[in-house]
Amino acid sequence: MSTTRATAVSPGAATADQPAADPEASQIAIEDIAKQITDGLAALARLIPTFVPKHNENEAFVRRFRAFSVESIRSMIAAIEAYPELNSANKLDVPQARADLQFLDAFRTVINAVEEFRTNVRFTYSARKARAVNPVLQTYAIGKGIGRDAASAGVAAHLENIKRDLRRASTKKATPVKKPPQGPQTPLQPQTPPQQ
């Protein structure tokens, strides 16, 4: 006959569904860490040649050409090299196009790394939130039982504040009600039954 022994899990230990706690975080100002990261990101941006921050004035221009393949640049450069008369109007600055193509090829890996970093930072943020909210909900459920006691009116008042905050976090925009079409409507005509 086999027996199952319960294993105690310390509050800071990692489990299959939640990350481990970091006891050292209490000794380090987390705001300083966040500032170091944001400052580091700003320094990285300064390393990018001709870095262009997104703005309303340039967004429309960039969006207009975003869907075109990078290979079209490579193909046009090759065509002009073979037939220089193709660029008789000097619309394409070939050296600049080469530099842009080199940038695009090199920074594709940078974009992939940044997107992976962004995904994992956002997930880390959500994991930390989940680790904190989980015991909040458990304690709230226990507190509702305590709050029913007349001697624990103060607990009940705090639980109302917590209930309000839990609702606030889950507020969703109401779906707009579709209005019926305006204008004259053609009345339905009664159907005549087929003659036998």
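Compute the length gained on full extension between Glu115 and Leu166: take 0.36 nm times their separation in residues and subtract their Cα-Cα distance, giving the result in nm to one decimal. Let's see the in-between values first.
Details: separation 51, 0.36 × 51 = 18.36 nm, distance 3.07 nm.
Working it through step by step, the gained length comes to 15.3 nm.
Residue farthest toward the positive end of the dipole of region 33-169, with Cβ of Lys/Arg at +1 and Asp/Glu at -1: which of Leu92, Asn120, Ile80?
Of Leu92, Asn120, Ile80, it is Asn120.
Compute the distance in nm between two label points, each set 7 Å from the Cα along the Cα-to-Cβ direction, one at Ser152 and one at Arg98.
Placing both labels 7 Å along Cα→Cβ, they lie 7.7 nm apart.
Mind listing the long-range amide H neighbours of Leu92? Cut-off is under 5 Å, sequence gap 5 or more, other chains count too, H placed in the peptide plane at 1.01 Å from N.
Those lying under 5 Å, H to H, from Leu92: there are none.
Return the sequence-ordered ³J(HN,Hα) values of region 95-108 in whole Hz as given by the Karplus equation 6.51 cos²θ - 1.76 cosθ + 1.60 applied to θ = phi - 60°, using x for Gly and Pro.
Result, rounded to whole Hz: x, 5, 5, 4, 5, 5, 5, 4, 4, 4, 5, 6, 8, 4.
For region 52-98, run through the chymotrypsin sites (Phe, Trp or Tyr not before Pro) and keep only the ones in DSSP coil with at most 14 other Cβ atoms within 10 Å of their Cβ. If you can, show how the numbers build up before the last one.
Working: sites: Phe61, Phe65, Phe68; in loops: Phe68.
Within region 52-98, the qualifying chymotrypsin sites (Phe, Trp or Tyr not before Pro) (loop, at most 14 other Cβ atoms within 10 Å) are Phe68.
For a Förster distance of 41 Å, can you work out the FRET efficiency between the beta-carbons of Ile73 and Ala127, rounded to the nearest 0.05? Mind dumping the intermediate values first?
Values: r = 41 Å, r/R0 = 1.00.
Computed FRET efficiency for Ile73 and Ala127 comes out at 0.50.
Loop-only trypsin sites (Lys or Arg not before Pro) in region 36-125, please: DSSP not H, G, I, E or B, and at most 16 other Cβ atoms within 10 Å.
Values: sites: Arg46, Lys54, Arg63, Arg64, Arg66, Arg74, Lys91, Arg98, Arg108, Arg118, Arg122; in loops: Lys54, Arg66, Lys91.
Counting only loop positions with at most 16 other Cβ atoms within 10 Å, the trypsin sites (Lys or Arg not before Pro) in region 36-125 are Lys54, Arg66, Lys91.
Ranking Phe107, Phe123 by Cβ neighbours within 10 Å, fewest first, what do you get?
Numbers: Phe107 14, Phe123 11.
Lowest count first: Phe123, Phe107.
Bear in mind these aren't lab numbers, they're just calculated from the coordinates by the rules spelled out. This structure is a prediction, so every number in the text was calculated from the model and none was measured. Every residue, glycine among them, receives a Cβ derived from its backbone with ideal geometry; neighbour counts consider all protein chains shown.
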